[in-house]
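The values are calculated or read from the model by the stated rules, or taken from the named source; none is laboratory data. These numbers come from a predicted model, not from an experiment. All Cβ positions, glycine included, derive from the backbone under ideal geometry; neighbour counts span all protein chains shown. For the accessible areas, the whole protein counts, side chains as well, though only heavy atoms, and no ligand, DNA or RNA atoms are used. Shrake-Rupley method; radii C 1.70, N 1.55, O 1.52, S 1.80 Å.
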Amino acid sequence: MAMDHTVKVILGSIAFAVFWLLAVFPAIPFLPIGRTAGSILGAMLMVIFRVLTPEQAYAAIDLPILGLLFGTMVVSVYLERADMFKYLGKVLSWKSKGAKDLICRVCLISAISSAFFTNDTSCVVLTEFVLKIARQHNLPPRPFLLALASSANIGSSATPIGNPQNLVIAVQSKIPFGQFVIGILPAMLVGVVVNALIILILYWKLLSVQKDEEDPSPEVIADEDVLSHRFSPARLSHSQIPSLNSAEWDSRLDSMNAQSPPCSNANVETIRNSVSSKDNEIHRSHSTLTEPARISDASKEWLPNASPQKREEGFSSKSLNSMDKQKEPVILQSSEGKEHWSTKWRRIAWKSCVYLVTVGMLIALLLGLDMSWTAVTAALALVVLDFKDAQPCLEKVSYSLLVFFCGMFMTVDGFNKTGLPSAFWNFMEPHAQIDRVSGTVVLALVILYLSNLASNVPTVLLLGARVAASAAAISPAEEKRAWLLLAWISTVAGNLSLLGSAANLIVCEQARRTPQLSYNLSFWNHLKFGLPSTLIVTAIGLVLIR
């Protein structure tokens, strides 16, 4: 693409710079409007500066990517309601064998969950779990938070639905879901293991400190607190209204009488008489309904000449009356038990349907069906199976993220039309041919640098098609490898610094805002681990992805 005239290049660069600044520093002092508003502002400036026409701006929005992102978020919401992430938390603490074992579990579970439910979702729901487990075992939170964020980024690289940049690559490259997984899975597995080893080496002494059981901290977290997580769905309990008999009423009224002033005794007696009369009326109506021909106890007492048969009938009716009173609580308890079991089995059946729909979605993706429509169909299937108003679940979808993507698509497309990305790639292309080892290394360094400078999704949007076209000139196999390398490098690049990926920022913010477990993961603490981990894990992918 030829360079546009100077004014258009300058104005387009200004609009993209505004977008980048607010995307990386959403709370910048002179314009603290956030990432979502910043992306819309960048898109609006592209149209105002006439870098894009309104029609071109709307056409830049990639609806399949938005549909896939929306569908996976809805499925994640229903999996959260079905206790999926609560079960993951139980696996983290089940029969733990120490701090190093916990680190390995955090790395493994974070990687697997992010591969299927996106890295951002995994970090949101698992951060508090990790903090609770670290506090429970009297361990420093830093290595656990680093293990969670870095493993989530590495694990998300294995599938097209693991992170936003993979969504873009999967849609643009048209690589089937199964081939995408097969191409990156070996590098992902080795990368997670190596990343865990790096954490263990860097924090070996810190993780070797034994828990002091003789002097427990007053804020030790119990097992129940670890497993009862705020992301688990709330269960509605049936309220039970206690039924008070006349004796209980009398005791309560006597206590009221003892505590009340003398002037209120008459009122208390009036209440007592009213309650007693109501109780007698209930018993009389009950006796009339159950046995109309029953002879009352009073009439039996004033009939001395009554025959033994009549007396026996009176005694029998009295016994039956008392037996009926004894049977009533048993019947109520039985009905409540049946209702409890019925609710429990309905809950189990619903959770099973959620898991089956999710597995069906993954199978459909592996079979090569359209990823966007598959995710949306699975989301709507869960909405229908829930059989209730879907608004509470749909409100948990991050619509601000969808709007952010819309603005980003427009802004990046406008920046592409300035010709600057093409000029940069034309300069780097001769040195970044992936059929040579040196070229692959140069390409990896360029993607690492741009992913941390401009974020990974814009980097993929800016360079993806150009890198693939350059590799396609060599061979179709190299084109596919170029897309997979782009997915791997741009994802792992997020581990380099705290600002490298949204997952890192989510873990940092969640840890800082968690009540009573707050921990501040600083930029430099992350960089000390992130720099060696990113370079080593990226190199693993360059070797294994073929």
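Structure notes:
- Among (1) surrounded by fewer than 16 Cβ atoms within 10 Å (Cβ to Cβ); (2) on the phi > 0 side of the Ramachandran plot; (3) of a type in the set (D, E, K, R), the one test that Asp83 misses: (1)
- Residue selected from segment 120-151 under the condition touching a residue at least 60 places away in the same chain (Cβ under 8 Å), under 16 Å from the mean Cα position of the chain (by Cα) and open to solvent by 10 Å² or more (accessible area, probe 1.4 Å), by the criterion nearest to Thr538 (Cα to Cα): Asp120
- One residue stands out among those in segment 1-33 that are closer than 20 Å to Val51 by Cα and small (Gly, Ala, Ser): the one that is modelled with the lowest pLDDT, which is Ala2.
- Residue in segment 485-500 that is farther than 18 Å from Val192 by Cα and either free of Cβ contacts under 8 Å to residues at least 40 places away in the same chain or touching an Asp or Glu at 6+ places or on another chain (Cβ under 7 Å) (or both) present: yes
- Any chance Ser113 is under 17 Å from the mean Cα position of the chain (by Cα), at pLDDT 90 or above, open to solvent by less than 20 Å² (accessible area, probe 1.4 Å) and under 25 Å from Glu509 (Cβ atoms): no
- Condition met for Thr358 (open to solvent by less than 100 Å² (accessible area, probe 1.4 Å), hydroxyl-bearing (Ser, Thr, Tyr) and within 14 Å of Arg81 (Cα to Cα)): yes
- Looking across segment 36-57, the residues that are buried (at least 23 other Cβ atoms within 10 Å of the Cβ) and either in contact with a His (Cβ under 8 Å, 6 or more places away or on another chain) or assigned to a helix (DSSP H, G or I) (or both) come down to Gly38, Ser39, Gly42, Ala43, Met46.
- Flag for Ser76 being open to solvent by less than 20 Å² (accessible area, probe 1.4 Å), of a type in the set (Gly, Ala, Ser), in a helix (DSSP H, G or I) and at pLDDT below 85: yes
- Once segment 361-383 is narrowed to residues that are modelled with pLDDT of 90 or more and surrounded by fewer than 18 Cβ atoms within 10 Å (Cβ to Cβ), the residue that is nearest to Ala158 (Cα to Cα) is Ile363.
- Test: Leu462 is more than 27 Å from Gln433 (Cβ to Cβ) and among the hydrophobic types (A, V, I, L, M, F, W, C): no
- Answer from Val125, Val190, Val194, Val130 - the residue that is in contact with a Leu (Cβ under 9 Å, 6 or more places away or on another chain), modelled with pLDDT of 95 or more and more than 30 Å from Asp413 (Cα to Cα): Val190
- The helices (runs of 4 or more DSSP H) falling completely within segment 403-521 that include 2 or more residues that are modelled with pLDDT of 90 or more and in contact with a helix residue (DSSP H, G or I) (Cβ under 7 Å, 6 or more places away or on another chain) map to 437-454, 456-472, 476-492.
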